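The values are calculated or read from the model by the stated rules, or taken from the named source; none is laboratory data. Given the structure is predicted, the values throughout are model-derived calculations rather than measurements. Cβ atoms come from the backbone with ideal geometry, glycine included; neighbour counts cover every protein chain shown. Each accessible area value is taken on the protein alone, full model and side chains, heavy atoms only, with ligands, DNA and RNA left out. Shrake-Rupley method; radii C 1.70, N 1.55, O 1.52, S 1.80 Å.
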Amino acid sequence: MTRQGIVLEGGGMRGMFTCGITDVLMEHDIWFDALVGVSADILFGCNYKSGQIGRGLRYNLRFKDDKRYMSWQSLWKTGDYVNAEFAYHTLPETLDPFDKDAFRNNPMEFYVTCTDIIAGKPVYQRIDEIAGDAMEWFRATASMPIFARPVQIGSLTLLDGGLSDSIPLQFLQNKGCEKNLVVLTQPMGYRKKKSKATPLIKLFTRKYPQVTELMKTRHEAYNKQLDYIEQQVAQGNTFVLAPRQGLGIGRIEQNEKKMRMVYEHGRQTALQNIGPLKEFLNQKYTDSPNTL
């Protein structure tokens with residue numbers, strides 16, 4: 001049988017769009033053999049593997065004003081804008097429990113993309129269960145330069161996966177996935193410009209020159225990936241879900257109205273494409289969603 005995969009781009013709070021997409025996929029019983037994601041979209045995408053509809057939006061709305069979650073105060077005190085202890089332990093373990101059993105029992109392969117900032121290369125880690133250093137991999141993929149400290153896992157020093165592989169479609173293809181859904185958080189036709197923050201990042205990451213080098217050419221690498229995705233769509237082996245226009249929300253913006261609007265944009269985008277997507281995946285289409 002043809003292996004099918006889903007790729008989640010990332011983009012901080014633009015990931016609310018992805019939450020809307022994956023919630024609709026769950027409601028319509030659409031699943032894949034493998035998932036790979038980057039940065040915040042891995043944090044939201046794990047709810048897809050655990051089958052927890054609505055969780056990504058719910059806890060972000062509940063804790064948007066809680067300085068223990070995401071705040072300048074946390075950045076000042078800990079070096080992480082997203083507080084590591086609260087976001088990766090307190091919240092998923094007690095305040096809005098993550099379903100570890102469902103995550104483990106779902107056979108979908110789940111890959112986290114990080115950047116090895118010593119080698120300047122992407123690292124892909126398969127996570128089958130939430131145990132051991134799994135949460136550290138989640139933290140690493142979403143650790144943006146300046147806004148987070150590098151994460152040490154074994155001999156690896158890691159930061160945000162988007163530095164080295166923003167849209168890892170080719171990774172899944174190399175894993176044997178012949179048909180893939182790519183969820184973008186920028187509209188089709190978007191092209192990234194060179195970052196104006198490169199000098200600031202260089203200042204904050206003096207110990208890691210590869211980070212500066214990656215940032216210098218990140219826009220070029222990202223745009224090449226978008227060109228490649230368009231080629232794959234034309235060849236009929238890739239399906240893209242993307243916003244109709246820019247989502248209008250910053251990476252760390254916690255405005256409730258904007259979060260809800262971006263989430264609903266994701267839901268509507270998915271709902272409008274359920275029929276074509278199921279046809280692409282050779283699945284039977286039904287208008288009756290499965291409300292888990």
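Tabulated data
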read-out: Hey, Met26 surrounded by fewer than 24 Cβ atoms within 10 Å (Cβ to Cβ) and without any contact (Cβ under 8 Å) to a residue 40 or more places away in the chain or not; value: no
read-out: Selection count where residues are more than 18 Å from Phe239 (Cα to Cα) and either over 10 Å from the mean Cα position of the chain (by Cα) or part of a helix (DSSP H, G or I) (or both), scope region 1-29; value: 7
read-out: Residues located in region 216-235, provided they are buried (at least 16 other Cβ atoms within 10 Å of the Cβ) and under 23 Å from Lys278 (Cβ atoms); value: Ile229, Gln232
read-out: Qualifying residue in region 127-143 (condition: under 15 Å from the mean Cα position of the chain (by Cα), of a type in the set (Val, Ile, Thr), assigned to a strand (DSSP E or B) and surrounded by 21 or more Cβ atoms within 10 Å (Cβ to Cβ)); value: no
read-out: Residue list for region 96-110, filter: assigned to a helix (DSSP H, G or I), open to solvent by 20 Å² or more (accessible area, probe 1.4 Å) and within 15 Å of Met135 (Cβ to Cβ); value: Lys100, Arg104
read-out: Per-region count, region 9-23, residues more than 18 Å from Pro107 (Cβ to Cβ), buried (at least 24 other Cβ atoms within 10 Å of the Cβ) and touching a strand residue (DSSP E or B) at 6+ places or on another chain (Cβ under 9 Å); value: 6
read-out: Sole exception among (1) in contact (Cβ under 8 Å) with a residue 12 or more places away in the chain; (2) not in a strand (DSSP E or B) for Gln73, by number; value: (1)
read-out: Filter result for the condition that a residue is open to solvent by less than 30 Å² (accessible area, probe 1.4 Å), in contact with a Ser or Thr (Cβ under 8 Å, 6 or more places away or on another chain) and not aromatic (Phe, Trp, Tyr), over Thr238, Thr205; value: Thr205
read-out: Matching option when the condition is in contact with an Asp or Glu (Cβ under 7 Å, 6 or more places away or on another chain) and free of Cβ contacts under 8 Å to residues at least 40 places away in the same chain, among Gly54, Gly15, Gly5, Gly10; value: Gly54
read-out: Val211 being touching a Leu at 6+ places or on another chain (Cβ under 6 Å), crowded, with 19+ Cβ neighbours inside 10 Å and among the hydrophobic types (A, V, I, L, M, F, W, C); value: no
read-out: Complete set of residues in region 154-199 that are open to solvent by less than 40 Å² (accessible area, probe 1.4 Å), touching a strand residue (DSSP E or B) at 6+ places or on another chain (Cβ under 8 Å) and assigned to a loop (DSSP other than H, G, I, E, B); value: Ser164, Asp165, Ser166, Ile167, Pro168, Gly176, Leu184
read-out: Residue that is modelled with the lowest pLDDT [pool: residues in region 55-86 that are surrounded by fewer than 15 Cβ atoms within 10 Å (Cβ to Cβ) and farther than 25 Å from Val151 by Cα]; value: Asp65
read-out: Enumeration of residues in region 111-126 that are surrounded by 19 or more Cβ atoms within 10 Å (Cβ to Cβ) and part of a loop (DSSP other than H, G, I, E, B); value: Ile117
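Results for (1) touching a residue at least 60 places away in the same chain (Cβ under 8 Å); (2) under 16 Å from the mean Cα position of the chain (by Cα); (3) under 16 Å from Ser39 (Cα atoms), shown as yes or no for each residue.
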{"residue": "Leu184", "(1), (2), (3)": "yes, yes, yes"}
{"residue": "Thr217", "(1), (2), (3)": "no, no, no"}
{"residue": "Val233", "(1), (2), (3)": "no, no, no"}
{"residue": "Leu241", "(1), (2), (3)": "yes, yes, no"}
